[in-house]
Each structure stands twice: as C-alpha cells, then as structure tokens.
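The values are calculated or read from the model by the stated rules, or taken from the named source; none is laboratory data. Worth saying up front: this structure is predicted, and the values here are computed from it rather than measured. FYI the Cβ positions are ideal-geometry reconstructions off the backbone, even for glycines, and counts take in every protein chain you see. Note: accessible area is taken over every heavy atom of the protein model, side chains too, but ligands, DNA and RNA are not part of it. Shrake-Rupley method; radii C 1.70, N 1.55, O 1.52, S 1.80 Å.
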Amino acid sequence: MSSAEDEAKVREVHNQYFQALGSGDMDAVADNFTFPAAFKGFLEDVTIAPDKASLIATYERLIEAAPKAARSEIRGIDVGYLRTGVYMLTMSYEQYGADDALIHEGRAVYFMKRVGDEYKLFAVF
C-alpha cells in the first residue's frame, strides 16, 4: 500500500538525483542508485549498469545523445505505486534552445525501490 511518507521519500530521491545531474556531479548521481540499474533515455538500446563506473559511463553517453538544450522546464511530476516498496516517478518536461525555441518535450520515467531504510533508483527510461 502506498503511503504519503514513501511518496515524499521518492520525490526527495528524484530531487537529489536531478540536482546532482544538473550540477554535473556524477558521483552524487550514482549515490542515488542501486545496482544493477537499467537505462534507455536517448540511447539506442536499453543499457544495464552493473556498478558505479558503468553508470557514469552510461550517463556520459546519455548526455552526449540528448538534445543540447539551453534550459529545461519541468511541467509535472507524478508518483505511482507499483507494489510494496516499488514506485515509478514520471516527470514531464520541455527543453529549449538558446533562442528560446522548444527543441524537445517528453517524459522521463524513474523506477525506485526500497533498499534498507531508503529508496534508490534502479531504472531510468
């Protein structure tokens, strides 16, 4: 059963992850994950990162493949309960170029599970 406390924790993990990613701190990004972790994003195929080093290498490829935006705007964040200890957070966003023209809009889906007393990411699509 979903609880408001768990949903708040899931949102906080996403916020920490997003802040770390935005600042380019890949060690802090990796701290939000449990392994193995799965990724798709702008990559051609799903990638499995078995450890921190491969996660960082995967993010380097993801960033290279992503649209080159001057800014991004989050349009919404929804948290969904999947089963005990497992949540899905969906973030809707828009990305804009240097000329303020919309270059991409989409959704990112983050899967998290309880690991001990905290939630950790295990997949990003």
Report task. Among what's in the range 51-100 and is among the β-branched types (V, I, T) and surrounded by fewer than 14 Cβ atoms within 10 Å (Cβ to Cβ), pick the residue that is farthest from the chain's Cα centre (by Cα). Result -> T84
Report task. Find the residue count for the range 1-58, including only residues that are of a type in the set (S, T, Y) and in contact (Cβ under 8 Å) with a residue 24 or more places away in the chain. Result -> 3
Report summary line: Subset of the range 73-125, residues touching a residue at least 60 places away in the same chain (Cβ under 8 Å) and hydroxyl-bearing (S, T, Y), comes to Y81, T84, Y87, Y110, Y119
Query raised in the report: What tally of residues in the range 18-34 results from selecting those that are over 19 Å from T84 (Cα atoms) and either open to solvent by 40 Å² or more (accessible area, probe 1.4 Å) or out of contact with any helix residue (DSSP H, G or I) (no Cβ under 6 Å at 6 or more places or on another chain) (or both)?
Result: 9
Query raised in the report: Looking at the range 19-53, which of the residues that are in contact with a strand residue (DSSP E or B) (Cβ under 8 Å, 6 or more places away or on another chain) and not in a strand (DSSP E or B) is nearest to S92 (Cα to Cα)?
Result: G41
